[in-house]
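For reference, the structure discussed in these notes is given below.
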Amino acid sequence: MARVSQEHLDARRRQILDGAARCFARNGFHATSMQDVLREVDLSAGAVYRYFAGKEELIGAIVTEVLGSIGAAFEAAAAQSPPEPPDVLIGRVMTEVLGMRSGQFDEEGDSGFPRLMIQVWTETLRNEELSAVMRAGFLKVHAAWVKVVEAYQKAGLMRSDIPAEHVARTLIATAQGFAAQQALFGEVPVSVLQDGLRAVMSMGAAEDQLKIS
């Protein structure tokens, strides 16, 4: 019997995760059955259950992957000296996340990630295992952002009298809120978020300019 390559196994796992993500984003977690996932990915039950025991494992794997990608992006940013400013950094990461693998979440090529995110948050309130996955992912992203903020402070780009942990939580909330708006009120360009961040970041400079005038 021919051995199946790791590349083939990884591709099949990717196929299943992408199909499940489309189903969850489109119909919601509870309205989606494993049969829906099987039809979406056009695979047998045995082929899918070889990788995932059920919906809970699928959604947990999707959340872990997405949060891992976000955390890695911010960890890489923290290694720069200094990191990109918040408007550039958040804008870049949000663009990457919302556009992850075009068509992964929606057949028309639009990102269904914001809708999936709302579904995950809702399920987290009643599913302790998923809640643990989300908490671990959040802590990783938060730790990465703390490093970014500390780098800003060290470079003199941000006030150092405010705890980096507080700033990190606020910046994460900004990105989460923007994604939630995408799901609830329709998609808008990430540049809208970046413009808002630039305006907030310019408040001190604007005040100084007024004093000069």
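The values are calculated or read from the model by the stated rules, or taken from the named source; none is laboratory data. The shown structure was predicted, so the numbers you read here are calculated from the model rather than taken from an experiment. As a convention, Cβ positions derive from the backbone with ideal geometry for all residues, glycine included, and neighbour counts pool all protein chains shown. Each accessible area value is taken on the protein alone, full model and side chains, heavy atoms only, with ligands, DNA and RNA left out. Shrake-Rupley method; radii C 1.70, N 1.55, O 1.52, S 1.80 Å.
When region 133-150 is filtered for residues that are within 20 Å of PRO82 (Cβ to Cβ), among the β-branched types (Val, Ile, Thr) and under 14 Å from the mean Cα position of the chain (by Cα), only VAL141 remains.
Evaluate region 175-194: report whether one residue or more is within 19 Å of PRO83 (Cα to Cα) and of a type in the set (Asp, Glu). No, region 175-194 contains no residue that is within 19 Å of PRO83 (Cα to Cα) and of a type in the set (Asp, Glu). Scanning region 12-61 for residues that are β-branched (Val, Ile, Thr) and either in a loop (DSSP other than H, G, I, E, B) or open to solvent by 40 Å² or more (accessible area, probe 1.4 Å) (or both) gives a single hit, THR32. For the condition under 25 Å from the mean Cα position of the chain (by Cα) and either aliphatic (A, V, I, L, M) or modelled with pLDDT under 90 (or both), MET1 does not qualify. Listed by position, the helices (runs of 4 or more DSSP H) enclosed by region 115-213 that each have at least 1 residues that are farther than 23 Å from GLY60 by Cα and at pLDDT 90 or above are 128-154, 164-185, 190-201. Checked against (1) open to solvent by 40 Å² or more (accessible area, probe 1.4 Å); (2) under 16 Å from ALA168 (Cα atoms), PHE74 passes all but a single condition, namely (1).
The one condition from (1) at pLDDT 90 or above; (2) within 12 Å of the chain's Cα centre (by Cα) that SER111 does not meet is (1). What about LYS140, is it open to solvent by 20 Å² or more (accessible area, probe 1.4 Å) and in contact with a Pro (Cβ under 8 Å, 6 or more places away or on another chain)? It is false that LYS140 is open to solvent by 20 Å² or more (accessible area, probe 1.4 Å) and in contact with a Pro (Cβ under 8 Å, 6 or more places away or on another chain).
Assessment of region 148-159 against the conditions (among the acidic types (Asp, Glu), surrounded by fewer than 16 Cβ atoms within 10 Å (Cβ to Cβ) and out of contact with any Pro (no Cβ under 6 Å at 6 or more places or on another chain)) yields no matching residue.
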